[in-house]
Amino acid sequence: MQRRKFLKKSGLSTAGILSAPILASCKTEPKTKNIVTTNSTIKPIVIATWNVPNATAEAWKVLEKKGNALDAVEAGVKMEEADINNQSVGKGGRPDRDGNVTLDACIMDQNGNCGAVVYMQNVTHAISVARKVMEDTPHVMLAGLGAEKFAYDKGFPKENLLTEKSKAEWSEWKKESKYAPVINIENHDTIGMLAIDTNGDISGACTTSGMAYKMAGRIGDSPVIGSGLFVDNEIGGATATGQGEEIVKTVGSFLVVELMRQGWSPQKACEEAVNRIIKNDPNYKDIQVGYIAVNKKGETGGYCIHPGFSYRVYSEEGHENITSKSYL
Ligand code: SD4
């Protein structure tokens, strides 16, 4: 698989969400609703962006013991944060252009509570700090030094997140210093995860070190509730990977969930969210964005611009990596 295609910055204008004319123009607008009112159909499930078998297996361990979806997604994505071979998340992540590894993460539970950290350095488990923000503060989002100090206050250890491998690659990159994000840079990238537990409750988590060699201070979609992740326990959840700027401009994960609220399947909702990006950006061939979604019935979907994206599903029916359909 070709993993290294260079991207360009795009001039996407801000896209409106859920405006009546746009929805009215959608030929596949469905007639049915996805809201489930009984628990007879509840089947636990976990899905995650990219082929991350260790992460989904860890989340499943929580679900099969009848643990809750929030604990499952936290435990799942922590596997990737701790894996120094995953250079897009947590420890071992690629740095910004100044050589600093800065992490973004958010988490959302079945009650609509959420927490996030952005631009946080020196702490591996950004997702757990985000959860602490959600549970132990009156706020939703902490940034930079404030997030880091909060993490230490909560007992998280200070660690050097820049591995020799990522440092060496950065030193090489500095020779030309050309910011050119790479499509499908690995087969495991930013991890977004959604789970439904045995009570039928849905939670989600999303964590990343962001785009490699980004400007200092840059924040993508991943820690932004509604962009990188959104959960509505009545409807379902969605999460994203890829070029965050495009996802933020279309409030992508919120859009997917709102489309499911109107009866769209997770698959069709992900497709429409990608279509919104494509419609507004003539340079769409130069960017990658992928969405995954699950609805309250446990149906899943995924869609992306470029081939090469996949998502991992773990349920009672098995554990598999699904190649996402793509626009191109
Ligand atoms: C970001 N969405 O920071 C993340 C990066 C990513 O594939 O997903 N890369 O924009």
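Side notes on the structure shown:
- Residues in region 157-215 that are crowded, with 21+ Cβ neighbours inside 10 Å and away from the ligand (no atom under 15 Å from the Cβ) were compared, and the one that is farthest from residue 285 (Cα to Cα) is 197.
- Residue that is surrounded by the fewest Cβ atoms within 10 Å (Cβ to Cβ), among those in region 294-324 that are part of a strand (DSSP E or B) and among the hydrophobic types (A, V, I, L, M, F, W, C): 322
- Number of the condition not met by residue 241 [criteria: (1) more than 30 Å from residue 177 (Cβ to Cβ); (2) of a type in the set (Val, Ile, Thr); (3) near the ligand (Cβ under 10 Å from one of its atoms)]: (1)
Okay, residues lined up against (1) closer than 19 Å to residue 119 by Cα; (2) among the hydroxyl-bearing types (Ser, Thr, Tyr); (3) not in a strand (DSSP E or B):
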{"residue": "211", "(1), (2), (3)": "yes, no, yes"}
{"residue": "216", "(1), (2), (3)": "yes, no, yes"}
{"residue": "239", "(1), (2), (3)": "no, yes, no"}
{"residue": "264", "(1), (2), (3)": "no, no, yes"}
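- Candidate set: region 109-118, residues that are within 16 Å of the chain's Cα centre (by Cα) and not hydrophobic (A, V, I, L, M, F, W, C); chosen: the one surrounded by the most Cβ atoms within 10 Å (Cβ to Cβ): 115
- Conditions (1) touching a Leu at 6+ places or on another chain (Cβ under 8 Å); (2) at pLDDT 95 or above: number failed by residue 260: (1)
- Residue within region 258-280 that is surrounded by 22 or more Cβ atoms within 10 Å (Cβ to Cβ), of a type in the set (Gly, Ala, Ser) and over 19 Å from residue 202 (Cα atoms) present: yes
- Picking from residues in region 221-234 that are assigned to a loop (DSSP other than H, G, I, E, B) and surrounded by fewer than 24 Cβ atoms within 10 Å (Cβ to Cβ), the one that is nearest to the ligand (Cβ to nearest atom) is 226.
- Lone unmet requirement of (1) more than 9 Å from the ligand (Cβ to nearest atom); (2) of a type in the set (A, V, I, L, M, F, W, C); (3) not in a helix (DSSP H, G or I) for residue 255: (3)
- Residue count, region 267-296 (criterion: hydroxyl-bearing (Ser, Thr, Tyr), farther than 13 Å from residue 249 by Cβ and more than 15 Å from the ligand (Cβ to nearest atom)): 0
- Residues of region 242-252 classified as out of contact with any helix residue (DSSP H, G or I) (no Cβ under 8 Å at 6 or more places or on another chain) and assigned to a helix (DSSP H, G or I), total: 3
- The residue that is surrounded by the fewest Cβ atoms within 10 Å (Cβ to Cβ), among those in region 130-149 that are farther than 19 Å from residue 100 by Cα and touching a Lys or Arg at 6+ places or on another chain (Cβ under 9 Å), is 136.
Rundown of residues vs (1) in contact with a strand residue (DSSP E or B) (Cβ under 8 Å, 6 or more places away or on another chain); (2) farther than 24 Å from residue 308 by Cα, yes/no style:
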residue	(1), (2)
48	yes, no
54	no, no
90	yes, no
129	yes, yes
133	yes, yes
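- Residue identified as under 25 Å from residue 234 (Cα atoms) and part of a loop (DSSP other than H, G, I, E, B) among 87, 110: 110
- Exactly one residue out of 92, 155 is part of a loop (DSSP other than H, G, I, E, B) and touching a residue at least 40 places away in the same chain (Cβ under 8 Å), and it is 92.
The values are calculated or read from the model by the stated rules, or taken from the named source; none is laboratory data. Fair warning: this is a prediction, and the values are worked out from it, not measured in the lab. Because the Cβ atoms are built from the backbone with ideal geometry, glycine has one as well, and the counts that use them run over all protein chains shown.
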